[in-house]
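Novice: Have a look at this one.
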Amino acid sequence: MTRTLLFALPASLALLAALASADEIADTLQSAIDAYQEGDVQYALEELDYARSKLLEMKTDALGAFLPEAPEGWTREVDTMANAAMAMMGGGVAAEAEYSSPEGEHYTVQMFADNPMVASMSAMILNAGAMGLKTERIGRQKFALQDSQTMGLIANRILLQVEGPEAGTRKMLLEAMDFDAMANFGG
């Protein structure tokens, strides 16, 4: 029960934050409608852009909630700027964290959702064996292993990459993630 509570707590906190932000978003959308009805198209566009940025912020936070916690004795540093370049890459959202072991090894977990890059990478991941890459299953998900990287595609829309020196440690980080919940992300 304690383990379930630990997994439920971040999701509950994210939901509360989302609900608080939803009021701001609803207010901003209403402001855009009001501006449009008053003939102020420029302000309506600015309000729509602001509401869109707040919605993307919520979606980014929701994706980031799937980053695994640091294993015991390790440190985790979440990259709060990981989503910043997504507009230049065709849109979508991203989340990233770096993990450091007590021995000084570094691992990076990256997630990209609803981005054209995901579609282009999906063929490689789905056909990894035919391309000569080693594959493995973690839960019901297929992952491709290449050098110091493990890549998988969740629900055909979330690219998940883990980089680091040891395949076993990359697998451990992936096993700590809830792929079923991730598949329903943003829905």
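Novice: What is the Å³ per residue value for the convex hull set by the Cα atoms of the stretch 80-187?
Specialist: Measuring per residue, one finds 106 Å³ for the Cα hull of the stretch 80-187.
Novice: Excluding residues fewer than 8 places away in the same chain, name every one of the lysines whose C-alpha is closer than 24 Å to that of Lys142.
Specialist: Lys134, Lys171
Novice: Turning to a different aspect of this structure: Just in the stretch 126-187: which trypsin sites (Lys or Arg not before Pro) are loop by DSSP and have at most 14 other Cβ atoms within 10 Å? Walk me through the numbers before you get to the answer.
Specialist: Details: sites: Lys134, Arg137, Arg140, Lys142, Arg157, Arg170, Lys171; in loops: Arg140, Arg157.
The qualifying sites are Arg140.
Novice: Select from the stretch 54-124 those GluC sites (Glu not before Pro) which occupy a DSSP coil region and have at most 14 other Cβ atoms within 10 Å, ordered by residue number.
Specialist: Numbers: sites: Glu57, Glu69, Glu72, Glu77, Glu96, Glu98, Glu103, Glu105; in loops: Glu69, Glu72, Glu103, Glu105.
Passing sites in the stretch 54-124 are Glu69, Glu72, Glu103, Glu105.
Every read-out reported here was derived from the displayed coordinates using simple, explicitly stated rules and does not represent laboratory data. Keep in mind the model is a prediction, meaning the values are calculated, not measured. Every residue, glycine as well, gets a Cβ built from its backbone with ideal geometry; the counts of neighbours run over all protein chains shown.
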